[in-house]
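In what follows, a structure is listed as structure tokens, so that the remarks can point back to it.
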Protein chains: 4
Amino acid sequence: MSETKGKIAVLTSGGDAPGMNAAIRAVVRTGISKGYEVYGVRRGYNGILNREMDLLTFHDVSEKLQHGGTFLFTARSAEFREEEGKKKAAAICKELGIETLIVIGGDGSFTGAKNLSKYGVNVIGLPGTIDLDIAYTDYTIGFDTAVNTAMEAIDRLRETSNSHERCSVVEVMGRSAGYIALWCGIANGAEQILIPEKFDNNYDKLIEEIKNNRASGMTHQIIVNAEGIGHSYGLAKKIEEATGIETRATILGHLQRGGSPTARDRVYASVMGAYAIDCIEKGKKNRLIGYKEGHVYDVDIEEAFQMTKSIDDYEYEVAGILGTRCEYK
Amino acid sequence: MSETKGKIAVLTSGGDAPGMNAAIRAVVRTGISKGYEVYGVRRGYNGILNREMDLLTFHDVSEKLQHGGTFLFTARSAEFREEEGKKKAAAICKELGIETLIVIGGDGSFTGAKNLSKYGVNVIGLPGTIDLDIAYTDYTIGFDTAVNTAMEAIDRLRETSNSHERCSVVEVMGRSAGYIALWCGIANGAEQILIPEKFDNNYDKLIEEIKNNRASGMTHQIIVNAEGIGHSYGLAKKIEEATGIETRATILGHLQRGGSPTARDRVYASVMGAYAIDCIEKGKKNRLIGYKEGHVYDVDIEEAFQMTKSIDDYEYEVAGILGTRCEYK
Amino acid sequence: MSETKGKIAVLTSGGDAPGMNAAIRAVVRTGISKGYEVYGVRRGYNGILNREMDLLTFHDVSEKLQHGGTFLFTARSAEFREEEGKKKAAAICKELGIETLIVIGGDGSFTGAKNLSKYGVNVIGLPGTIDLDIAYTDYTIGFDTAVNTAMEAIDRLRETSNSHERCSVVEVMGRSAGYIALWCGIANGAEQILIPEKFDNNYDKLIEEIKNNRASGMTHQIIVNAEGIGHSYGLAKKIEEATGIETRATILGHLQRGGSPTARDRVYASVMGAYAIDCIEKGKKNRLIGYKEGHVYDVDIEEAFQMTKSIDDYEYEVAGILGTRCEYK
Amino acid sequence: MSETKGKIAVLTSGGDAPGMNAAIRAVVRTGISKGYEVYGVRRGYNGILNREMDLLTFHDVSEKLQHGGTFLFTARSAEFREEEGKKKAAAICKELGIETLIVIGGDGSFTGAKNLSKYGVNVIGLPGTIDLDIAYTDYTIGFDTAVNTAMEAIDRLRETSNSHERCSVVEVMGRSAGYIALWCGIANGAEQILIPEKFDNNYDKLIEEIKNNRASGMTHQIIVNAEGIGHSYGLAKKIEEATGIETRATILGHLQRGGSPTARDRVYASVMGAYAIDCIEKGKKNRLIGYKEGHVYDVDIEEAFQMTKSIDDYEYEVAGILGTRCEYK
């Protein structure tokens, strides 16, 4: 095609997240419709170093939208982590005529992108992680699906905990961030929520509250424990020993990463994918795409790394009021 | 209880929406925890006129969070619609010592609330409708669940449409607004989306595009049709006759109103329910609670009625680019 | 491959059903593992007439098991319905060296297969229909998924019907058979179940019972109406007019055909697919595969067409006792 | 009610299973409709010893059918396990005029029932366990739901395993029986299935096959491991060390016990509940209800304990052929 506006490559990197396929599809279809050639890179940054990439057509991304995972595969790349690797990747992009690289991933992947940009590759980032732990954006692809998956699992746990009148400790993902745990805590009406941002390691108080809840008539209790706190099996044992209430632990694990994306993950991933192409159309360089205050937006990648964000204090307070009976007997 | 801070009543009105139970629960538990007595009114405004209400305890709202519908029931009230009815309702509230009435419903219910407030009852509104068609807020309780329910149904339709290589017209709810249709359109990768805000009744163009899509290799196509456009059976017939492609219509109907609420509907409904009590604590009068730019907020009820909102043009544009192949063969 | 044991072709025909992909996969993988070449025919019998078929590998059927629909597509063939068409199809099979044709479909597809067998093609049938209306087998691929899909939709309808205290008429698929309706009736605790095998068109009695139920305290009611009875919108109107109870109709439609198959549909379809190859291994000719009394079995195609089956009377009786309150006030 | 035919009590015992509520509902409604008084006993056999039981009405079991768990709660009873406990329980039944006790539970609960019957209480058992490990019946309440729950979780795991090209070891419930694991193995297309009935502890062979699979092009693999084998974390580590393929373990845990029952669990539990009352009507004593060869039936409790059953060899063989590529490269 002589009339192409240029070559764009897209890859997914780091942990996979439901909605990544929707984002890739939007990049490809919008890119093509605006006159670009779009290449799909396999296995993250490795795929550049290994030149594993193909020109994608409108049809190649059919029937992808509704599936979890990433059809481009994802991986972590030891070679790319080195400065030499980034230099080599940039050289390959240049050689192949790839002007812009769209990276769908989390903080680690964006650090790589930022450094790659120093070698002259224009990088555009889309936030893809179930953990929601990216400062510049209120939304990350996969969080909504992961929360709903975990919530449905905990709904099930509540039913059996209720039948047996026991405590259940359930560990949800989130790495060092407590967003999934907080949301599940509210959505599942958890009696206790332990998140790294707030939990003070006061297990005595925790056990006291569990006892008080039981004394005030709660026959079963759900304790949502964030991955960042961990040690769920030990915690269950500690609770059972201290309270005499039968207690079981479940670590939900990787199933939280899979599954058909929710409407929100599909819609926002699609919008951000299209928006990434629009940024390229406008000649923008080295931007991260995100949602801020309800709207899609883009921010300079260097600036984005200066930002911080934290757990919503009001949500945390509400979770405490709604879940725990003991304070207002 | 001598130390009560006052009496609050809560009701659900208009069409039910998943998450209403979560909102009631949050009102009741937060209300109790802050020192109020909270009464649950049954069957909307009728319940005031008929004095159908009970003092609710912390326990009465257990195991409600995860269920669709509203355990307080909902109804439309002919008597309350009259000025006399509102006067009577206000008198009953006064007689029973109910200072604040929390109304969970849509635009129609809020009109009732606004008028009731003129007779001296403090009213607080929470947006409860799957249609998202309330101007002052970016979020309404039930929308997220309804969209996901419709989306999952359309995912199923796509599979069978694909196997048979046919067109499917699927009608989703939303009354005169196209929000559900637009979101499903993007989330399901619909080839066509017909919404009242945008569709120009140019059926010839629609049919031309369906033909072009088929000619360019799309073996099956999904047309999401908003309730506000309607006539889905007729549309399917028209498409089949004009294109020769086998076409079937499905009207999803009331199942879109039911089902266990999504995490977002549970979390936002819980936060807004708690926030309503906080407004009362702060002495606020006649406010509507909503989400604006990602945050819970409250607005004067009169002011709220001056606001307008519309379909997101960018989302609509993205939907068109991602769904239709014919433009860029 | 010189050592091949022969060529087998597989196709899906008639209405699609969740689990068809699992059956195809089992045919292909078992076939290959036992030394056959297996061809996938596209678009039912048309695919033979048009020579649309490909040799399938172990890998070609990866990631198909969990998806509804049929990746071989399905269609009805006017040409094949004629005797000339069958003669031509048999000639093509002979020319291409296809000794056995495995047909996954319903009664109509098996009639075609039976007649094709007279021209010397060995045919093996697998029951693929959501309607369960095949006499020789207790199980048909897709029924279990369709019932669960309909049941979940009706669970949603019950929630909103309950909130509004209304009647809901819900029409489920099944063509002229009432199996899906009866199962949903029991599974959803329907107050009324109308199926072609049993309903005597006594609408006066139906309306009387609905009134009695309401009088005895049932605030909402679900009437499951089989496709074979139909006229759901009219029925809803009739009920509303005669009882004064607000009544809404929903026709679930084609979404009942789609969706990821249940465990049972995947397991039984897999077992029957493998069993089909075993029949070929044993030199069996013109057999239909099915489940009888809990076990997979095969029966001569001519014999199968002599069999009859009917609704389980005990299940129907139980449905009546569990659903209707009016008899034992 | 002077005209009562007698008093029946119903309880759930042992591990809870989805569908138990459907069974209780059917017992209560059929019992009432046939003229009995039906008492719901709370917390298994403890509820008799503690006289925790209530007369149930038709309405008391409304809106229970669709929920997992057991609204009568369940527990294990140390006191009842002793001979003295059984004697006491029988005396209480006699004192209260309870002629028949319906027990919904597993093998352990039936042993208790059998021994209780020796003290003159008529016992009727319904098989309630997700494990399917009761010899006299082909179906147990909860198995179908548990398998589908596990299957959906493993579908999710496959998506993320695929994206990362890793192995996943997933442990499913079943106590010492491999039924859930075998069914998930087939339904999820697992590359390996480890069940107590078949696995010979030959981990070297297992690892060899995993290597062969990878060598033949399988980028990701699912190993379904039965609870009866266990040690999933250790197994994952062993595989990773021996093969160099990144491997993760997930123990699905108690979430497999919860969740809204599938159609089959609701229908079969309802039919068996009704059938239990019919047995009482016919004057039958000390019977267990089950499904055999597709039909509901009853068997003498002593006889039932003589029966044995085992994994379906053909299903196991099919699972092996469909899942493992290495044998026929």
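Coordinate-derived values only; no laboratory data. Bear in mind that the values here come from a model prediction, so they are computed numbers and not experimental data. With ideal geometry, Cβ positions are generated from the backbone for all residues, glycine too; neighbour counts draw on all protein chains shown.
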Original post:
Hey, got the Cα dimensions of the stretch B:115-204 along the principal axes, in Å, largest first?
Top reply: 61, 29, 16
Original post:
If the label for C:GLU241 sits 7 angstrom from Cα along the Cα-to-Cβ line, what are its distances to the same label in every other copy, in nm to one decimal, shortest first?
Top reply: 2.8, 7.4, 7.8
**OP:** Could you work out how far the C-alpha centroid of the stretch B:213-237 sits from that of the stretch C:187-251, in angstrom?
**Re:** 31
Original post:
Taking the Cα centre of chain A as the origin, how large is its charge dipole in debye, to the nearest 20, when only Lys and Arg (+1) and Asp and Glu (-1) carry charge on their Cβ atoms?
Top reply: 820
Subject >> Rg(Cα)/(2.2 N^0.38 Å) for the protein assembly as shown, N = residue count >> reply: 0.91
Original post:
Closest approach to the A-B rotation axis by any Cβ of A: residue and distance in angstrom?
Top reply: A:GLU293, 2
Subject >> Expected-Rg normalisation [2.2 N^0.38 Å, Cα atoms] applied to the stretch C:10-156 >> reply: 1.05
**OP:** Find every distance from the label point of C:GLY97 to the corresponding label point in the other copies (7 Å from Cα along Cα→Cβ) and write them in nm, one decimal, shortest first.
**Re:** 4.5, 8.2, 9.3
Subject >> Interatomic Cα distance distribution for chain C, bins of 20 angstrom, percent >> reply: 32, 47, 20, 2
Original post:
How would you rank D:GLU241, A:GLU208, going from fewest to most other Cβ atoms within 10 Å of each one's own Cβ?
Top reply: D:GLU241, A:GLU208
Original post:
What is the dipole size for the stretch B:1-119, taken about its Cα centre, with +1 at each Lys and Arg Cβ and -1 at each Asp and Glu Cβ, in debye to the nearest 20?
Top reply: 200
Subject >> Euclidean distance of C-alpha centroids, the stretch C:75-150 and the stretch C:4-55, integer Å >> reply: 12
**OP:** Using every Cα-Cα pair within the stretch C:2-53, state what percent have a distance larger than 17 Å.
**Re:** 40
Subject >> Inter-probe distance in nm under a simple model that places probes 7 Å from Cα toward Cβ, at A:SER216 and D:LYS5 >> reply: 4.7
Subject >> Mean separation of Cα contacts under 8 Å (6+ apart) over length of the stretch C:140-265, as relative contact order % >> reply: 40
Subject >> Cα pair distances of the stretch A:75-144 binned at 10 Å [whole percent] >> reply: 21, 48, 26, 6
**OP:** Distances from A:TYR119 to the same position in the other copies: list them in nm, one decimal, shortest first, using label points 7 Å from Cα along Cα→Cβ.
**Re:** 6.3, 7.5, 8.0
Original post:
Nearest 10 degrees, 0 to 90: what angle lies between the long axis of helix A:232-243 and the longest principal axis of chain A (Cα atoms)?
Top reply: 10
**OP:** Output ³J(HN,Hα) for the stretch D:81-87: one whole-Hz value per residue in order, computed from phi by the Karplus curve 6.51 cos²θ - 1.76 cosθ + 1.60 with θ = phi - 60°, and x for Gly and Pro.
**Re:** 4, 6, 4, 4, x, 5, 4
**OP:** First select every other residue whose beta carbon is under 14 angstrom from the beta carbon of A:GLU3; then total the charges, Lys and Arg +1, Asp and Glu -1.
**Re:** +2
**OP:** Return the sequence-ordered ³J(HN,Hα) values of the stretch D:26-32 in whole Hz as given by the Karplus equation 6.51 cos²θ - 1.76 cosθ + 1.60 applied to θ = phi - 60°, using x for Gly and Pro.
**Re:** 5, 4, 5, 5, 5, x, 4
Original post:
Rg and Dmax of the stretch C:168-211, Cα atoms, in Å?
Top reply: 10.5, 29
**OP:** Show that you can apply the helix-only estimate: for chain D, add -39,500 (n - 2.57) for every DSSP H stretch of four or more residues, divide by all residues, and state [θ] at 222 nm to the nearest 500.
**Re:** -13000 deg cm²/dmol
**OP:** Within a 10 angstrom radius of each residue's Cβ in D:182-188, how many Cβ atoms of other chains show up on average? Whole number is fine.
**Re:** 5
Original post:
Which residues' amide hydrogens lie under 5 Å from the amide hydrogen of C:GLY128, considering only partners 5 or more residues apart or on another chain, with H built in the peptide plane?
Top reply: C:GLY105, C:GLY106, C:ILE141
Original post:
What residue among C:ALA215, C:ALA263, C:LEU65 has its Cα farthest toward the positive end of the dipole of chain C, where the charges are +1 on Lys, Arg and -1 on Asp, Glu, each on the Cβ?
Top reply: C:LEU65
Subject >> Residue mean of other protein chain beta carbons inside 10 Å, A:311-323 >> reply: 5
Original post:
Per residue, how much space in cubic angstrom lies within the convex hull of the C-alpha atoms of the stretch D:192-254?
Top reply: 81
Original post:
When only C-alpha pairs under 8 Å and at least 6 residues apart count, what is the relative contact order of the stretch B:120-180, in percent?
Top reply: 35
Original post:
Given 25 °C and 0.890 mPa s, how large is the Stokes-Einstein diffusion coefficient of the stretch D:144-289 in µm²/s, with Rh as the Kirkwood radius over Cα pairs?
Top reply: 147
Original post:
Given Cα pairs under 8 Å that are at least 6 residues apart, what percent is the relative contact order of chain D?
Top reply: 22
Subject >> Cβ charges +1 (Lys, Arg) and -1 (Asp, Glu), total dipole of the protein assembly as shown, debye >> reply: 0
**OP:** Measure of size requested: the Rg and Dmax of the stretch B:230-329, with Cα atoms as the atom set and Å as the unit; please supply both.
**Re:** 21.3, 65
**OP:** Please report D:MET218, B:MET20, D:MET173 as a ranked list, fewest other C-beta atoms within 10 angstrom at the top and most at the bottom.
**Re:** D:MET218, D:MET173, B:MET20
Original post:
Tally Lys and Arg at +1 and Asp and Glu at -1 over the other residues with C-beta under 14 Å from the C-beta of C:ALA22: what net charge comes out?
Top reply: -2
**OP:** Evaluate 2.2 N^0.38 Å with N set to the residue count of the stretch A:1-95, then give the Cα radius of gyration divided by it.
**Re:** 1.09
